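In what follows, a structure is listed as structure tokens, so that the remarks can point back to it.
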Amino acid sequence: MKCPYCERELPDSAKYCASCGKKLEKNEEKAEGSFLEERESDEDVSEVDKGESEVGKKMSFSTSSRKGGIGKIIYFLIIIVVIAGVYKSGIFSGMFSNKSNIVKKENKIENKNDKIHEKIQAHKNAEKQKENSLAYTDNEEMNFKACLSPEDYAVTYSSDGLFSFAYPKYIFNYSEVDEENSSYKLVFKGVEQRVELDVYTRINEGDAVSNAQNLYDELLSKVDKTYFKMRPTKVDSQGMARALVGGTASSTEDTGVYYIAVNDGSRDYMLEFYYPDSDEDDNYKEVNYVVDCIYRYCSFSGGTYQPRTYQQFLQDDMGTKK
């Protein structure tokens, strides 16, 4: 060991320093106390270091957390800046605009498809109507002057073969046919006056004369001014009782009417013709010739003469018998 006073090397068992002569016991206690103080001091320093380490860790964690929060804030700020730049550049606007254009195009396509469907349906309806309509009933205008020859009339036979009739080719622009019920309607639409030809049958059993007389009374009530009339009184050789009524319609004096009503004991045979008639005193107008042809062509009218020419009509030539 060393002397604490002069630092000379001494044996461990020495009680006095051979160099300076001082006693070593107290020095040992002092040295031991110094050692303990140094040890305690080291432990205190260690505790301090440990505390500083913990504080450092906490500070490091706090700093790291702050850095993480700041990083997130910066990240969101960058996203906002990017979105703002994209919006300003018009990309989003273009996207929305493109979407709007797509919707508009889809709507246009749907509208176009609807129009195509309507056209197809209209075509089907036209074809169906064509199947259930008569020839020469698509005229753009009425032309009675073009109907002054027997060849200007189209002859039609009912599907059940019970009757036939003919109509002028150049007067009507619409027609309906119900073959099942042997019913025919021809009209010129689009004018104020009624221009219509109806030919049909219906069940009406009983006494032919009585039934025909009832029809006569019914039709007579529809006429305002009568030109001619024929009330049935008997059954002819064909077993039919016939009634004829001609005049002006009760609704307007400018509309002429011509009725043929027949009963054979089982059914009625009806023909009704409505036509423009502005001059009731003129019996030789084109329309009067049309009425004459309709009467002569009708199989159940009871007429005994064939259709005649317009010249024969003007000359009161009855023409040829059937």
- Summed residue charge, Cβ within 11 Å of V262's Cβ, Lys/Arg positive, Asp/Glu negative: -1
- Task: Roll a 1.4 Å probe over the protein chains and send me the accessible area per residue for segment 206-322 in Å².
- Result: 46 Å²
- Kindly provide log₁₀ I(q)/I(0) values, in the same order as q = 0.14, 0.18, 0.23 Å⁻¹, from the Debye equation applied to equal alpha-carbon scatterers of segment 208-322. -0.59, -0.94, -1.29
- Amide hydrogen neighbours beyond the local backbone of C298, cut-off 5 Å, H modeled: A166
- Task: Taking the Cβ of P307 as the centre, find all other residues whose Cβ is under 14 Å away and add up their charges (Lys, Arg: +1; Asp, Glu: -1).
- Result: +1
- Message: Under the rule of at least 5 residues apart or a separate chain, name every residue whose amide H is placed under 5 Å from the amide H of Y227.
- Response: G246, G247, T248
- Just read off the accessible area of I74 with the full protein assembly in place, 1.4 Å probe, to the nearest 10 Å². 90 Å²
- Table column - 3J(HN,Hα) (Hz), segment 278-283, Karplus curve with 6.51, -1.76, 1.60, x for Gly and Pro: 7, 10, 6, 7, 8, 8
- Item | Residue-wise HN-Hα coupling along segment 4-13, computed from phi with Karplus coefficients 6.51, -1.76, 1.60 (Hz; x: Gly, Pro) | x, 9, 10, 6, 8, 6, 10, x, 5, 8
- Where a ≥ b ≥ c are root eigenvalues of the Cα gyration tensor, a/c under 1.5 meaning rounded, otherwise prolate if a/b exceeds b/c and oblate otherwise, segment 273-322 counts as oblate
- May I ask you to evaluate 6.51 cos²θ - 1.76 cosθ + 1.60, the Karplus curve with θ = phi - 60°, for each residue of segment 308-314 and list the ³J(HN,Hα) values in order in whole Hz, giving x for glycine and proline? 10, 7, 5, 5, 4, 5, 5
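The values are calculated or read from the model by the stated rules, or taken from the named source; none is laboratory data. This one's a predicted model, so the numbers in the text were calculated from it and none came from an experiment. Neighbour counts are summed over all protein chains in view; Cβ atoms, including those assigned to glycine, are modelled from backbone coordinates with ideal geometry. Surface accessibility is based on the protein's heavy atoms, side chains included, excluding ligands, DNA and RNA. Shrake-Rupley method; radii C 1.70, N 1.55, O 1.52, S 1.80 Å.
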